[in-house]
Amino acid sequence: MNVAILSIGDELIGGRIVDTNAAFLSSQVALLGGMTVLRMTVGDRRGDIVDALRRLSKHAEIVLVTGGLGPTPDDLTRWAAADLVDGGEVVDDSEAMECVRNWCSRVGLPPTEARTAVAQRPPSSQFMSNDCGTAPGIRMTYAGADMFMLPGPSTEMRSMWHRHVGPALEASAGLRRAPIEVIAAGLTEVQAADQLGSLLDRGSRPRLGIRVGRGLIRVSLEDPDGKVTAADMEKVHRKVRDLLSPWTLPEGSESLSEAVGEALQGRGWTMATAESCTGGGIGAAITAQPGSSVWYVGGWVTYTNEMKCRELGVPPELFHGSGPGAVSEEVVLAMAAGARAKSGANLAIAVSGIAGPNGGTESKPVGTVWVGLASCDSLEARLIRAPGDRDQVRAATIATALQWVRWRAEGINSFLQWEAKR
């Protein structure tokens, strides 16, 4: 099965955001045993969208489209689809209209003309419901190609893939079902096993397996007997994600730094770093992610107290006399505030700790790390007690800092791994 992918949006053409949707769709197609043969990106111009759809239909049996289904004047995908198959005509879909009105009622927004316009579709097409937003998807056939048009917001697009597109391709094309994988960060293997409970029983179907690597927990769902229905597989998949929440990474994310980038881009935020004990490790983890320059502006490695004062404006008295010292709540708060102010980023994360093997005291043993976070409306710090040797302490600190940034962007307030009670 050959698949082509079309991404739509001026913000993609202009390089203002990174196209993570196309990467996600390509990876999901590969998991189903298909092949992505062509990917294109066009701006918000009706004629360009029509031309792209015509071209892609000549190269692939399946065309996946993301973007341009929302309520604003530059959302033109449904109109381009209508130009392709129904002479530009669109009709109101009563079922879709009801879904849109219910969604508006649930989130407390009025069902304006612009919002309800998303319930229009070409007469020869079908709607796909959206459980994460207002804009339904569209499915239609053109020139022998089956076309699935999905919203641009990542959360909506991924949900619609798992609920509609993936199952449809699996059923219609007779594709093999690859193991489903759920990835989580910030849990140990034992903690994940405790959360999943009886789902891990070897006699359960689908069968679950846990493996650990690079600070991530990976839970695979497999159907070794070929007897689990797609609906039951999806039901267990959702349950696993829920049980491991909020540590579960977004579907399609392969690393914590990738999830951080998606969360920040979803809010339109940027971040900066101020590091001491990690020696630039947080920045390195971030910049290992392609496209991170969109959301990461840079940072400081202030290893000495003098650098903390000179570069980030940390008050010198914190390091002298009766001051709390470098590994303290006061210092990381000042580091985070200084990094945010000097960088202009929406959010800054700072760390200062004792990685070892020397330097620990009775009150501040090796593994004591303070993490500070500054945003537009808050300045706070958390204390962690990271176990292990120097490398393990540094790795735990990096993961904790990234997790906190991700959760802040996603609006999650939860206890961080290794966080100490105060």
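Taken together, the values in this text are just the output of simple stated rules run on the coordinates, not laboratory data. As the structure is a prediction and not an experimental result, all values here were calculated from the model. Using ideal geometry, Cβ is built from the backbone for each residue, glycine included, and neighbour counts are taken over all protein chains shown.
Computed values, structure above
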| item | result |
| --- | --- |
| Whichever lysines have a C-alpha closer than 25 Å to that of Lys421, once near sequence neighbours (fewer than 8 apart) are set aside | Lys364 |
| The chain: radius of gyration and largest Cα-Cα distance (Dmax), Å | 24.3, 80 |
| Mean Cβ count within 10 Å, highest first, over the residues of peptides 320-331, 13-24 | 13-24, 320-331 |
| Integer Hz, Karplus 6.51/-1.76/1.60 couplings in order for the stretch 31-45, x for Gly and Pro | 4, 7, x, x, 9, 7, 9, 7, 10, 10, 10, 10, x, 7, 10 |
| Volume of the Cα convex hull of the stretch 2-173, divided per residue and given in Å³ | 106 Å³ |
| Inter-part distance where the stretch 294-361 and the stretch 274-291 are each reduced to a Cα centre, Å | 15 Å |
| 13 Å Cα-Cα reach of Lys308 towards aspartates and glutamates, excluding residues that sit fewer than 8 places from it in its own chain | Glu275, Glu317, Glu330 |
| Distance in nm between pseudo-label sites at Glu11 and Lys421 (7 Å out along the Cβ direction from Cα) | 4.2 nm |
| Note, ³J(HN,Hα) from phi for the stretch 195-207, Karplus 6.51, -1.76, 1.60, rounded to Hz, x at Gly and Pro | 5, 7, x, 5, 4, 7, 4, 5, x, 6, 10, x, 7 |
| Sequence-distant residues sharing a close amide H with Ile5 (under 5 Å, placed H) | Leu38, Arg39, Met40, Leu64 |
| Contour minus Cα-Cα distance for Arg46 and Arg205 (0.36 nm per residue) | 52.6 nm |
| Cα-based helix-to-principal-axis angle, 329-343 vs the chain, degrees rounded to 10 | 50 degrees |
| Global form of the stretch 100-208, assessed from the alpha-carbon gyration tensor, a/c cut-off 1.5 | oblate |
| Charge context of Gly356, other residues only, Cβ under 15 angstrom, K/R +1, D/E -1 | +1 |
| Inter-part distance where the stretch 127-167 and the stretch 25-70 are each reduced to a Cα centre, Å | 12 Å |
| Mean Cβ neighbour count within 10 Å, used as a protection proxy, ranking 206-214, 81-89 highest first | 81-89, 206-214 |
| The stretch 260-284 residues near the modelled Ser363 label - backbone nitrogen below 17 Å, point 7 Å along Cα→Cβ | none |
| ³J(HN,Hα) computed for each position of the stretch 55-60 - Karplus, 6.51 cos²θ - 1.76 cosθ + 1.60, integer Hz, glycine/proline x | 5, 5, 5, 7, 10, 9 |
